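The values are calculated or read from the model by the stated rules, or taken from the named source; none is laboratory data. Values in this document were obtained by computation on a predicted structure and should not be read as measured data. Cβ atoms come from the backbone with ideal geometry, glycine included; neighbour counts cover every protein chain shown. Accessible surface areas use protein heavy atoms only, side chains included; no ligands, DNA or RNA. Shrake-Rupley method; radii C 1.70, N 1.55, O 1.52, S 1.80 Å.
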Amino acid sequence: MATVYDIVDSPLGELLLVGEESPSAPGGTVLASLSLPGQKGGAVVGEGARRDPGAFRAIGEQLSVYFSGGLTRFSVAHTPAGTDFQRRVWQALEEIPFGRTTSYGEIAALVGTPGAGVRAVGTAIGRNPLLVVRPCHRVIGADGALRGYAGGLAAKAALLRLEGALAE
């Protein structure tokens, strides 16, 4: 499969979308990564990747509707990635309702690693390659404080305010 990418504007800045062409995916592309500006561990476009805005049209439309407040859940085909544990944590992220938050400890309990597993959950969340689409921004500290976000705490706060989960 050919690697394609595009850069789209958002209220958070330019988002880098990287994916693979796939005739069976809606819009013809499966998303491999969505990175925010300055993201820790964000995707890098490799040699041989081709910029193709049309490949991300369906994903871009969903992002636009989300940022305008009209979408509460994404429907995006994405590449399989991560370890079994990371995939379990990422699946738990996808179950957090729009406008709600949960704690790292609650995610750890959901995936069967309470207690000391909180740190491993935090690490798995930090490796989520699909920021915004897979809502790791909805995970906060047990005390209600914003903790860690690969795209930065300002972006996390902006997303939670957009969803009504954080007061202005």
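With respect to (1) open to solvent by 30 Å² or more (accessible area, probe 1.4 Å); (2) under 13 Å from the mean Cα position of the chain (by Cα); (3) modelled with pLDDT of 95 or more, the lone exception for His78 is condition (3). Screening the candidates Ala150, Ala155, Ala81 for the property of being within 13 Å of Leu34 (Cβ to Cβ) and in contact with a Pro (Cβ under 8 Å, 6 or more places away or on another chain) yields one hit, Ala81.
Selection of region 36-70 for residues being in contact with a Pro (Cβ under 8 Å, 6 or more places away or on another chain) and modelled with pLDDT of 95 or more yields only Phe67.
Condition test on Gly19, is it within 18 Å of the chain's Cα centre (by Cα), small (Gly, Ala, Ser) and surrounded by fewer than 19 Cβ atoms within 10 Å (Cβ to Cβ)? In short, no. Screening Gly164 against (1) open to solvent by less than 30 Å² (accessible area, probe 1.4 Å); (2) part of a loop (DSSP other than H, G, I, E, B); (3) in contact with a Gly (Cβ under 6 Å, 6 or more places away or on another chain) leaves a single unmet condition, (1). When we screen Ser103, Ser64, Ser68, Ser24 for residues that are open to solvent by less than 20 Å² (accessible area, probe 1.4 Å), more than 18 Å from Pro129 (Cα to Cα) and over 13 Å from the mean Cα position of the chain (by Cα), the only hit is Ser103.
Could you tell me whether any residue of region 127-134 is over 11 Å from the mean Cα position of the chain (by Cα) and within 23 Å of Leu31 (Cα to Cα)? Checking region 127-134: not a single residue is over 11 Å from the mean Cα position of the chain (by Cα) and within 23 Å of Leu31 (Cα to Cα).
Do we find that Val89 is of a type in the set (Val, Ile, Thr), open to solvent by 20 Å² or more (accessible area, probe 1.4 Å) and under 22 Å from Gly126 (Cβ atoms) in this structure? The answer is no for Val89. Residues that are modelled with pLDDT of 90 or more and assigned to a loop (DSSP other than H, G, I, E, B) were ranked within region 1-16; the one that is most open to solvent (accessible area, probe 1.4 Å) is Asp9. So, of the residues in region 129-161 that are of a type in the set (D, E, K, R) and either assigned to a loop (DSSP other than H, G, I, E, B) or modelled with pLDDT under 95 (or both), which turns out to be farthest from Phe67 (Cα to Cα)? Here the answer is Asp143.
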